[in-house]
Amino acid sequence: MKTCIVTYSMSGNNEKLGQRVADSIQADHIVLKDEKTRTMGTIVVDMLFNRTPKVTPDVKVIENYEQIILMGPVWMGHVASPLRKVMKHIKSKGLKYSFVTISGGTLNKNPKLINDLKKRAGENILLLKDWYIADLMDSSNVNMKDTGEYQLTSSDIELLSVDVVASLKDIYDL
Ligand SMILES: Cc1cc2nc3c(=O)[nH]c(=O)nc-3n(C[C@H](O)[C@H](O)[C@H](O)COP(=O)(O)O)c2cc1C
């Protein structure tokens, strides 16, 4: 079965993890990029006004895949807005999908994430894996600034990718 990992990443963490997982399971890696410059302001506006930003490549690139794994950051408790177009396509076709994220995790562990995924990409979710940067850091009192600036190390990527690949192998034909 043809498998793709679709990543969006603002500061690089989800893209790096996605590349590592794609290499491990020999999947294609499709990297979404914003058409317009992404800023903190455009993140907040997208989330508050429910906007779907333009991204490249076009959503059609996922049409030939049977197994679709989405990866990207959580912003304000929701899936990052640049993944919305792909999620809408998945829902409109009734496709199965998974979502993996390395997010900050300093607040309350994203309780609304599963509802956001189901609303935007449909009920056919096979796996939700929400890893937190706060759990990778040594200190017990990390704040949003610390997690926001954190870049995954090669040993973090190894640790997370082993876990993600094992979970994917449990449910997909890989
Ligand atoms: C504006 C903004 C809002 C964020 N909101 C959350 C959040 O609600 N929950 C969370 O766990 N992390 C949150 N984060 C942290 C990101 O998910 C985290 O830094 C992630 O690793 C970034 O991924 P990237 O490097 O792939 O862009 C937020 C980050 C930004 C910039």
In region 100-130, residue farthest from residue 80 (Cα to Cα) [restricted to those that are crowded, with 18+ Cβ neighbours inside 10 Å and near the ligand (Cβ under 9 Å from one of its atoms)]: 106
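State whether the residues of region 68-83 include one that is more than 14 Å from the ligand (Cβ to nearest atom) and more than 17 Å from residue 120 (Cα to Cα). Talk me through it step by step, then tell me what you get.
So the first thing to find is which residues in region 68-83 are more than 14 Å from the ligand (Cβ to nearest atom), and the list is 68-69.
Restricting the remaining residues to those that are more than 17 Å from residue 120 (Cα to Cα) gives none.
Looking through region 68-83, none of the residues is more than 14 Å from the ligand (Cβ to nearest atom) and more than 17 Å from residue 120 (Cα to Cα).
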Of those in region 12-61 that are small (Gly, Ala, Ser) and either part of a helix (DSSP H, G or I) or within 16 Å of the ligand (Cβ to nearest atom) (or both), the residue surrounded by the most Cβ atoms within 10 Å (Cβ to Cβ) is 18
Report, ordered by the first and then the second residue, all pairs with beta carbons closer than 7 Å, sequence separation of six or more or different chains, a first member in region 90-111 that is more than 11 Å from residue 134 (Cβ to Cβ), and a second member that is more than 13 Å from the ligand (Cβ to nearest atom) and in a loop (DSSP other than H, G, I, E, B). 90/122; 91/122; 94/122; 94/124; 95/124; 96/124; 97/124
Failed condition for residue 64, given (1) more than 22 Å from residue 170 (Cα to Cα); (2) touching a Cys at 6+ places or on another chain (Cβ under 9 Å); (3) assigned to a strand (DSSP E or B), with all others met? (3)
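Within region 1-11, restricting attention to residues that are under 20 Å from residue 68 (Cα atoms) and assigned to a loop (DSSP other than H, G, I, E, B), which residue is farthest from the ligand (Cβ to nearest atom)?
1
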Could you list, in sequence order, the residues of region 15-67 that are more than 16 Å from residue 79 (Cα to Cα) and in contact with a Pro (Cβ under 8 Å, 6 or more places away or on another chain)? 30, 35, 36
Among the residues in region 127-138, are any free of Cβ contacts under 8 Å to residues at least 40 places away in the same chain and more than 24 Å from residue 19 (Cα to Cα)? yes
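Throughout, read-outs are computed from the coordinates displayed, never taken from laboratory work. Note that this is a predicted model, so its numbers are computed, not measured. Positions of Cβ are generated from backbone atoms using ideal geometry, with glycine treated the same way; all protein chains shown enter the neighbour counts.
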